[in-house]
1. Filter the range 12-22 down to the residues that are surrounded by 14 or more Cβ atoms within 10 Å (Cβ to Cβ) and either in contact with a helix residue (DSSP H, G or I) (Cβ under 8 Å, 6 or more places away or on another chain) or of a type in the set (S, T, N, Q) (or both) and list them by number.
2. Take residue 96 and decide whether it is more than 17 Å from residue 3 (Cβ to Cβ), part of a loop (DSSP other than H, G, I, E, B) and among the polar types (S, T, N, Q).
3. Select from the range 1-17 the residues that are over 13 Å from residue 28 (Cα atoms) and in a loop (DSSP other than H, G, I, E, B) and list them in ascending order.
4. Looking at 89, 96, can you tell me which residue is touching a Lys or Arg at 6+ places or on another chain (Cβ under 9 Å), buried (at least 20 other Cβ atoms within 10 Å of the Cβ) and of a type in the set (S, T, N, Q)?
5. Suppose we filter 50, 40, 25 for residues that are open to solvent by less than 70 Å² (accessible area, probe 1.4 Å) and not in a helix (DSSP H, G or I); which single one remains?
6. Is there a residue in the range 64-81 that is on the phi > 0 side of the Ramachandran plot, out of contact with any Gly (no Cβ under 7 Å at 6 or more places or on another chain), assigned to a loop (DSSP other than H, G, I, E, B) and crowded, with 17+ Cβ neighbours inside 10 Å?
7. State which residue pairs qualify: first residue in contact (Cβ under 8 Å) with a residue 12 or more places away in the chain and inside the range 70-87, second residue in a loop (DSSP other than H, G, I, E, B) and hydrophobic (A, V, I, L, M, F, W, C) in any location, beta carbons under 6 Å apart, and separation of 6 or more residues or different chains.
8. Only one of these is touching a strand residue (DSSP E or B) at 6+ places or on another chain (Cβ under 8 Å) and modelled with pLDDT under 95: 62, 54, 50. Name it.
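The values are calculated or read from the model by the stated rules, or taken from the named source; none is laboratory data. Computed from a predicted structure; not experimentally measured. Using ideal geometry, Cβ is built from the backbone for each residue, glycine included, and neighbour counts are taken over all protein chains shown. Side chains are part of the model used for accessible areas, which takes the heavy atoms of the whole protein and leaves out ligands, DNA and RNA. Shrake-Rupley method; radii C 1.70, N 1.55, O 1.52, S 1.80 Å.
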Amino acid sequence: MAQLSPAYVIDGLTRRGVPLVAAQGLTGNYSVESQGLNTGINEIAPVVEGSRGGYGLAQWTGPRRRQFEAFARSKGYALDDPEAQLDFTVWELNNTETSARDAIYGAST
């Protein structure tokens, strides 16, 4: 499990084309979700009975977790690899989460 610095995440997202303000916002959210930007963190007590809970920076859960795991495997990444998680973030924003992307990219602060 890697614990990242905010600068690492912001830089990684902006290098992938995420606007700076959006990268800062995502990093702040990820810091809370993953208890300090821990890439290998797994939800300790899943709210959904029988689920494996959230995983990683974004605490991907359920179908999104399965999609992340398949994405990482297809690229040869370990699940806790920060590059896998940043790549998947951008993939989601450009594919399955375009409404969220539009709202996030539209923020000015």
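1. 12, 13, 14, 16, 18, 19, 22
2. Considered against the rule, which asks whether it is more than 17 Å from residue 3 (Cβ to Cβ), part of a loop (DSSP other than H, G, I, E, B) and among the polar types (S, T, N, Q), residue 96 comes out as yes.
3. 1, 2, 16, 17 - these are the residues of the range 1-17 that are over 13 Å from residue 28 (Cα atoms) and in a loop (DSSP other than H, G, I, E, B).
4. Testing whether each residue is touching a Lys or Arg at 6+ places or on another chain (Cβ under 9 Å), buried (at least 20 other Cβ atoms within 10 Å of the Cβ) and of a type in the set (S, T, N, Q) leaves just 89.
5. When all the criteria are applied, what remains is 40.
6. Looking for residues that are on the phi > 0 side of the Ramachandran plot, out of contact with any Gly (no Cβ under 7 Å at 6 or more places or on another chain), assigned to a loop (DSSP other than H, G, I, E, B) and crowded, with 17+ Cβ neighbours inside 10 Å, one finds none in the range 64-81, hence no.
7. Close Cβ pairs satisfying both conditions: 72/79; 80/1; 82/2; 82/4; 85/57.
8. 54
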